[in-house]
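What follows is a short report on a single structure.
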Amino acid sequence: TLFGIPSLLVDLANYCKSHEVVIEIDKIFYAGEKITDMQLNLFKSVWNVKSVYSAGYASVDVGPIGYQTQDCRLNEHYLLDGLNLEVIDGEAIVSSTIRKSMPVVRYKTGDKVEIIPHSDKVKFRLVGRVDDMVYIWGSRISLSVWSQQCLNSKTQQF
């Protein structure tokens, strides 16, 4: 079993592929980003992965938000009890009263989601981002902030 952030796991899989490292991995648990079909296909081709699951959907400010069960497909989650999910312009807006002393009201996640019709619990699918944040190796980089810094600087070193 392997646990990690999809963008880091891609680098690991590409390393294994280019260095002819043969490893079989039965399960992958991912977090921090949604996982794409292209990433999933890479993991299956390099490591012969049989199943991929989300370790959970969460945010630093809200805490745990969603979880997967056996009936969930890729990037699908059920909303935890005690939370409210609104979708405004495609963005997941979460409220939580689980922490009584510090409730979170209408927190903008920056994640684009779709509600999946389900009978008894709220089920949703992570679709992507609604903002200009890019995830690289688990780091969040705002394209608008980065481009503004480049414009304000006469010489930029990377």
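Some points to look at:
- Some residue of region 17-30 being surrounded by 17 or more Cβ atoms within 10 Å (Cβ to Cβ) and within 13 Å of the chain's Cα centre (by Cα): yes
- Restricting attention to region 99-130 and to residues that are crowded, with 16+ Cβ neighbours inside 10 Å and not in a strand (DSSP E or B), the residue that is modelled with the highest pLDDT turns out to be 122.
- Scanning region 49-70 turns up one or more residues that are in contact with a Gly (Cβ under 9 Å, 6 or more places away or on another chain), within 25 Å of residue 9 (Cα to Cα) and in contact (Cβ under 8 Å) with a residue 60 or more places away in the chain.
- Residue 41 being on the phi > 0 side of the Ramachandran plot, modelled with pLDDT of 95 or more and surrounded by fewer than 19 Cβ atoms within 10 Å (Cβ to Cβ): no
- Near pairs, Cβ below 8 angstrom, 6+ apart or cross-chain, from region 115-129 (within 15 Å of residue 91 (Cβ to Cβ)) to any residue that is open to solvent by less than 60 Å² (accessible area, probe 1.4 Å) and outside any strand (DSSP E or B): 125/75; 126/75; 127/75; 127/90
- Selected residue (criterion: nearest to residue 30 (Cα to Cα)) from residues of region 86-98 that are buried (at least 20 other Cβ atoms within 10 Å of the Cβ) and modelled with pLDDT of 95 or more: 92
- Among (1) open to solvent by less than 50 Å² (accessible area, probe 1.4 Å); (2) under 18 Å from residue 127 (Cβ atoms); (3) under 15 Å from the mean Cα position of the chain (by Cα) - the single one residue 63 does not satisfy: (2)
The values are calculated or read from the model by the stated rules, or taken from the named source; none is laboratory data. Treat the numbers as computed from the prediction; the structure is a model and nothing was measured. In this analysis, Cβ positions are derived from the backbone assuming ideal geometry, glycine residues included, and neighbour counts consider all displayed protein chains. All accessible areas refer to the heavy atoms of the entire protein, side chains included, with ligands and DNA or RNA removed. Shrake-Rupley method; radii C 1.70, N 1.55, O 1.52, S 1.80 Å.
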